[in-house]
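Right, one structure below, let's go through it.
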Amino acid sequence: MNSESKNKSSILIVEDENIVALDIEQGLKRLGYLVSGIVNNGKDAIKEATATKPDLILMDIQIQGNMDGIETADQIQKLLNIPVIFLTAYADEATLQKAKVVGPYGYLLKPFEESELHTAIEVVLQKHKTFSAKETLSKEALALSEERFKLFVDFNKEYALYMMDKEGNVVSWNAGAERIEGFTSDEIIGKNFSIFYSEEERQSGRPEHDLAIAKSEGKFEEENWRYRKDGTKFWASTVITALKDKNGQLRGFGEVIRDLTSVKLNEENLQKAIIARDEFLSIASHELRTPISVLSLQLQMAQREPEFKIDGKHSSRLEKSLLIAMKQVKILENLINELLDISRIQAGRLEIHTVKTDLSKLVADVCHDFEDAFNSANIQLECDLQDRVEGNWDSFRLGQVVTNLLTNTLKYAPGKPVKIVLRSIKHMAILTVQDHGPGIPHELQSKIFQRFERASSPSISGLGLGLYIARKAIEAQGGAIEVESEVGKGSLFKVTLPLNRQEEELL
């Protein structure tokens, strides 16, 4: 065999029998390999492998010294990335199982042919070359990934990202942490993270509590005030994560903090603005109520004054003007009453006065009051009311609810028929108002029962308070109100009320 055509791979021979070792050496040379050395014990094998770094080691399992070939191979592989082929005259199961732990690349049973040795060496060298290439690529990819992650963590200024040991001492610190907390890495690494808590919280054991929760549940998260280096506080969104190895052993903690102070202040300012608005609405509605009541009274008196009559009758122009004025005053009264109700609801003072009420008669009376308005709007109103549906309810609030529902049909479904149905079913009163108007889009159906929300065009008047007040009034009496609607096919409002709700339940 032409040795010049062979790859000059170097091989270390570890064999305790000199004659066998020399025979192997001659065979390797004939096959074109280089022999980096021959040793007969584990200690010298480790020393020789470290010094010469051969491409492969032929390791006899039974060698001289305190270590056998398996233990020696294990020590070498912990130090060096060198493939090993075991040479043994013993193929018993116990020896093979022990050798497998080391992860050798191959075995050769003595005695072996030179061709067998050659095949085994070439297979192992190629296998190791392929494995080493993949390992190199994997290490490079891992290093690149770690570098990217380090750059992301180190230069991220939006979030404080840092690591702690098992006791909560800071071991790493990024630019975001320095910006948010005010400490440089030199100032904070090695110190306990409890420095970010108030003195009162430290005295109460709050930092230890947070770590204990993270350890037992995997993470701890909250929004709370934290403290910077200069003593100022900021509103922090905090997540502490327990870092455990594959065996479940705690190795430390990671913490992520985001400064949400501006969001917190905006929320507080918004809440103050809402409170101020509600206070203004309450005061304004009370102040407006008196002059509107006086104006309404004066208009009613004007209608009865003899000097406004000609031949004992009102002039048509004057009568029309008075009617328009009365109508507008009534609208103002309703708006003011809605604002008053809103202020009461927000203050938790919506009063419910329950008496035994025949809901059927109440609905019929409201429908009667709306007859002229429905006729003027060319709306056919059909009332299908069960006789005597009685319960313990606030008749004023229920009248307000029915009035609101009928007023909405006048606004949104002019010229379309409206049907009201009242039934008592299984201890519940069920009232439905069905119109054939434009309908309400699905995404708006839950919003129309909220404050200042409307599902109509801006051309239709109103503050968007009626259904909100109706919902609160119904819920305060143990009931519910909901809507079923489809665009182009109208809407059905459904009110349910318990028939036998006790007075004490409403207190």
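Fewest to most neighbouring Cβ within 10 Å: what's the order for 246, 215, 134?
Listing 246, 215, 134 from fewest to most nearby Cβ atoms yields 246, 134, 215.
In whole angstrom, note down how far apart the Cα centers of segment 166-216 and segment 397-449 are.
That distance is 58 Å.
With unit charges on the beta carbon (Lys/Arg positive, Asp/Glu negative), name the residue among 385, 409, 368 whose Cα is farthest towards the positive pole of the charge dipole of segment 365-421.
Value: 409.
Which distance in nm do the two modelled labels at residue 239 and residue 191 give, with both placed 7 Å along the Cα-to-Cβ direction?
Each label point lies 7 Å from its Cα, and together they span 2.6 nm.
Dipole magnitude of segment 156-259 about its Cα centre, charges +1 at Lys/Arg Cβ and -1 at Asp/Glu Cβ only, in debye to the nearest 20?
260
Grab the Cα-Cα distance for residue 387 and residue 115, subtract it from 0.36 nm times how many residues apart they are, and report the gain in nm with one decimal.
The span from residue 387 to residue 115 would gain 87.0 nm if fully extended.
Using mean Cβ contacts within 10 Å as the protection proxy, how do 192-202, 466-476 order, highest first?
For the peptides 192-202, 466-476, the packing ranking is 466-476, 192-202.
Which whole-Hz ³J(HN,Hα) couplings does segment 364-371 yield from phi under the Karplus relation 6.51 cos²θ - 1.76 cosθ + 1.60, θ = phi - 60°, glycine and proline marked x?
Whole-Hz 3J(HN,Hα) from phi for segment 364-371: 4, 5, 5, 4, 4, 5, 8, 4.
Tell me the label-point distance for the pair residue 407, residue 198, using the 7 Å Cα-to-Cβ offset, in nm and rounded to one decimal.
Each label point lies 7 Å from its Cα, and together they span 4.7 nm.
Please compare each pair in 8/53; 361/419; 447/472; 29/78; 447/494 to a cut-off of 19 Å on the Cα-Cα distance and tell me which ones are over it.
As for pairs spanning more than 19 Å Cα to Cα, those are 29/78.
Order these by the 10 Å Cβ neighbour count, fewest first: 166, 356.
356, 166
Can you sort 67, 59 so the residue with the fewest Cβ neighbours within 10 Å comes first?
Starting with the residue having the fewest Cβ neighbours, the order is 67, 59.
Where a number appears in this text, it was derived from the coordinates with a stated rule and is not lab data. It should be emphasised that the depicted structure is a prediction, and the values quoted were computed from it without experimental measurement. Note that each Cβ is placed from the backbone with ideal geometry, even for glycine, and that neighbours are counted across all protein chains shown.
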